[in-house]
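A short worksheet on the structure shown next.
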Amino acid sequence: MDNKKKHILKLIANYTAKDISLKELEELEDWINQDNKNKATFNSYVTIYKRAKEANFVKQTNTEYAWNSIVTKLNNTEKFTVDSKKAKENRLHSFIKYAVAASIIFVAGFLYINKTKEVKEDLKDSPAIVVQEPILPGTDKAILTLANGTSVALEKGENYKKDNLNSNGEELVYSPSSSKEIAFNYLTVPRGGQFFVQLADGTKVWLNSDSKLKYPENFTEGKVREVELVYGEAYFDVSPSTDHKGARFKVLSKYQDIEVLGTEFNVKAYTDEDKIYTTLVEGKVSLEKENVKSFLAPGQQAVTKQGIGEVTVQYIDVAAEISWKKGLFTFKRESLKQIMKTLSRWYNVDVVFLNKDLENIEFKGVFNKKQTIEEVLTLIQNTNFINQYKIDGQTVLIN
């Protein structure tokens, strides 16, 4: 690592620990404003530091003491039979894997911190660097709306329990009930979120960002088990009909109905798109549109368009299509416009193309959903598909 990079990393480390002089602050700000890559690097480091604090790796504000605390904690969980300098680097790499999975930023330079840092100037009245706050990846969160109209925010750290439903804030589980009353609940996942729900019949549903599911609190034995994907994307692992006296499982969505006996499939039906994509992972499903039925075999995808028209069935790469459920973005020759739609839902941002010609350029690649949007955009920029991008609040400008 060259001396310039060491010096910049030291400035960023001092900044995160709020132990930086005014002169250093001005130098750091000049470096950040040189180009988007520097901004992305700075934001990534700040994100790592914040996540380290959230994970209780860092509790101190003194720079040296804080990062030594990280190394000490890692020492308790990992053993290395290498020299001291190499050990520090390996431990830091392990920390980064924990803090930011699949991060491409090399942060070993954080260990090059002066052991006798001297506070040069009082910064109480000094202005902070005006830098775009990192746009962090989505998290597990949703809004549960009960039959009586009550809304409950579900998010990490918030437990909720009522009758036959229970949530730890990261998932929602319904248990079977003897009640014969039909009461419908709605689970709404906002942009920047995702959520898992297990229905009363044991069916498991993973909801992607910007999605809404309607379902009964309890199913009537022997009758069709019916839910509605109001909008968005959901992956269903359906409890077999043989466990429910032959009762079929039905998913309603715009333009089409899906009926299954017990299977795994994915449905994508966003309101800002005029097509529905139904992908069968295993089992068998039938789709009905305007009284015309189509059947899918594993590995096939049905594309249903709004209005009059046949359902198109084709074989696709199922693993790529459902990779969102496993924490990945997989793009296979998709247009930048479609890619930005996907990113906008997960990172809760609006995307504006300043150059409309870029919208139809096709791109392929795989990204980890835990990466920041700056990291994803910088990787796309490095492929020369876009010249530059700018983040202004919650808006991404592409040029």
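Coordinate-derived values only; no laboratory data. As the structure is a prediction and not an experimental result, all values here were calculated from the model. Positions of Cβ are backbone-derived with ideal geometry, glycine not excepted, and every protein chain shown enters the neighbour counts.
Annotations for the structure displayed:
- Length-normalised contact order of the range 327-398 in % [C-alpha pairs under 8 Å, at least 6 apart]: 40 percent
- Anisotropy class of the range 176-268 from Cα gyration tensor, a/c 1.5 cut: prolate
- For the range 1-46, trypsin sites (Lys or Arg not before Pro) are listed when DSSP marks them as loop and at most 11 other Cβ atoms sit within 10 Å of their Cβ; the list is 18.
- Over the range 327-398, the alpha carbon radius of gyration divided by the compact-protein estimate 2.2 N^0.38 Å works out to 0.99.
- Residue 394-residue 5 FRET efficiency (beta carbon distance; Förster radius 25 Å; 0.05 resolution): 0.20
- Panel order for 7, 244, by other beta carbons found within 10 Å of each beta carbon, from fewest to most: 7, 244.
- Residues 173, 366, 189 in ascending order of nearby Cβ atoms (within 10 Å, fewest first): 366, 173, 189.
- Whether the range 258-363 is rounded, prolate or oblate, judged on the alpha carbon gyration tensor where a/c under 1.5 counts as rounded: prolate
- With 21 Å as the limit, the listed pairs 223/326; 326/369; 284/341; 141/162; 180/245; 268/326 have 223/326; 284/341 beyond it between alpha carbons.
- Put simply, the Cα atoms of the range 139-321 extend 44, 38, 28 Å along their principal axes, the longest span coming first.
- The label point for residue 362 and the one for residue 177, both projected 7 Å from the Cα toward the Cβ, are 5.0 nm apart.
- Among 230, 224, 205, 292, the ranking by other beta carbons within 10 Å of each residue's beta carbon, starting with the fewest, stands as 292, 224, 230, 205.
- Using the Cβ of residue 280 as centre and a radius below 12 Å, the other residues enclosed give a net charge of -2, where K and R count +1 and D and E count -1.
- Cα→Cβ-extended label distance, 7 Å offset, between residue 152 and residue 245, nm: 2.8 nm
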